[in-house]
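The values are calculated or read from the model by the stated rules, or taken from the named source; none is laboratory data. None of the values given here were measured: they were computed from a predicted structure. Virtual Cβ from ideal backbone geometry, glycine too; neighbours counted across all protein chains shown. The protein model used for the area step is the full one, side chains on, heavy atoms only, and it has no ligands, DNA or RNA in it. Shrake-Rupley method; radii C 1.70, N 1.55, O 1.52, S 1.80 Å.
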Amino acid sequence: MGQVINGKEIAINIKEEIKSYVLKRSEDGKNIPKIASILVGNDGGSIYYMNNQEKVARSLGLLFNKIVLESNIKEEELIDLIEELNKDNEVQGIILQVPMPKHINENRVINAICPNKDIDCLTTESQGRLYMGVEGFLPCTPNSVITLLRSLNVNLEGKEVVVLGRSNVVGKPVAQLLLNENATVTICHSRTKNLKEVCKRADILVVAIGRPKFVDDSYVKDGAIVIDVGTSSVEGKITGDVDFEKVINKAAFVTPVPGGVGALTTTLLLKNVCEALKKNED
Ligand code: NAP
């Protein structure tokens, strides 16, 4: 029987670090890290994420400016607002909630964010830095995967890693971060042949496909580490891409959903705003 990797527990430790950092700054009379979070329209999922980010940020003593805009706002007005926030020395991190309304060119608006404030690693420049190995913010969900693996003290060098999913937000950046750790990385997707056989080679299997319980024990090598990024809503319950009950009997370690990867992402986003402030002061 494998062990469960507890993302919540790991998040608590990082939250404590952030809290102490903010408290110390406040005691020293220094400015507190501030996030500006922009929501255009009223997408239910985005409202949920934004409120959750605000709740966690405030609980750690961070400043959080929630900017909610009408869904019919013009693209130029939105870009002007971002440019103002770029210039605002009190704001170290800008988050743009996506998806945005269809009349807005999401890519153009995202790229208006100054990379030094792009704590969610969304801009083309931030992503380019990631792939070129240039210092910058790490995207939160991929960083969460790496942080969970590090918590196991496993040496990633030379490990056979299979990443299931190749999206720009999860699969590709996860693969890149693992490559940076000198793992041997295979990326699989919907056209991969002999998927099961490829997955079964993995010492570490990272699954990010958005297909509830798709990966069962027949995809997993004995003693593998399985990281489940998937979050689908099934009958009102958040469900991962991995069939946890089956896989836990075969793997050495498995992340649960909820309580695994997702439990860390907001905390890592907030850690990035503290890093942004530190970099500004260097
Ligand atoms: P996405 O953009 O829809 O990409 C899904 C990827 O999975 C694609 O590369 C697709 O292949 C591949 N795929 C789909 N079905 C497959 C199959 N049957 N066999 C093999 N590959 C398959 O999704 P995403 O944004 O990466 O998100 C993936 C999951 O992670 C979702 O459940 C999402 O909600 C979750 N997520 C969680 C967090 C978190 O913080 N926990 C953050 C972000 C996302 P093709 O490229 O060939 O189409």
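Summary table below
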quantity	calculated
Amide H contacts under 5 Å for ASN6, placed H, 5+ residues apart	none
Histogram of C-alpha separations across segment 140-262, 5 Å bin width, %	2, 12, 25, 27, 22, 9, 2, 0, 0
Scattering curve values for the chain, log₁₀ I(q)/I(0), Debye with Cα scatterers, q = 0.09, 0.10, 0.17 Å⁻¹	-0.44, -0.55, -1.39
For segment 146-245, share of DSSP beta bridges that run antiparallel, in % to the nearest 5	20 percent
Computed magnitude of the charge dipole of segment 124-207 (debye, nearest 20; Cβ of K, R +1, Cβ of D, E -1)	400 debye
Given charges at beta-carbon only (K, R positive; D, E negative), |dipole| of the chain in Debye	640 debye
P(r) weight above 16 Å for segment 193-253, C-alpha pairs, percent	37 percent
Amide H contacts under 5 Å for LEU156, placed H, 5+ residues apart	none
Residue-count net charge about GLU54 - beta-carbon cut-off 14 Å; Lys, Arg +1, Asp, Glu -1	+4
Environment charge of ASN194, counting only residues whose C-beta is closer than 13 Å and scoring Lys/Arg +1, Asp/Glu -1	+4
Of ASN280, ALA36, VAL247, farthest towards positive along the dipole that unit charges on Lys, Arg, Asp, Glu beta carbons give the chain	VAL247
Mean separation of Cα contacts under 8 Å, 6 or more apart, over the residue count of segment 30-116: relative contact order %	42 percent
P(r) histogram, all alpha-carbon pairs of segment 30-116 included - 5 Å bins from 0, percent	3, 14, 26, 24, 20, 9, 3, 1, 0
Probe 1.4 Å - accessible area at GLU76, Å² to nearest ten	90 Å²
Where trypsin sites (Lys or Arg not before Pro) fall in DSSP loop in segment 178-282, at most 15 other Cβ within 10 Å	ARG191, LYS193, ARG201
Positive-end residue of LEU148, ILE204, VAL174, charge dipole of segment 140-262 with Cβ unit charges	VAL174
Contact order normalised by residue count of the chain, Cα under 8 Å, 6+ apart, percent	21 percent
Apportionment of accessible area to carbon and sulfur, the chain, percent (1.4 Å)	47 percent
Size of charge dipole - segment 140-262 - debye, nearest 20, with Cβ of Lys, Arg +1 and Asp, Glu -1, no other charges	340 debye
Per residue accessible area in Å² of segment 137-245, where ligands, DNA and RNA are left out and the probe is 1.4 Å	47 Å²
Relative contact order of segment 136-282, defined on C-alpha pairs under 8 angstrom at six or more residues apart (%)	22 percent
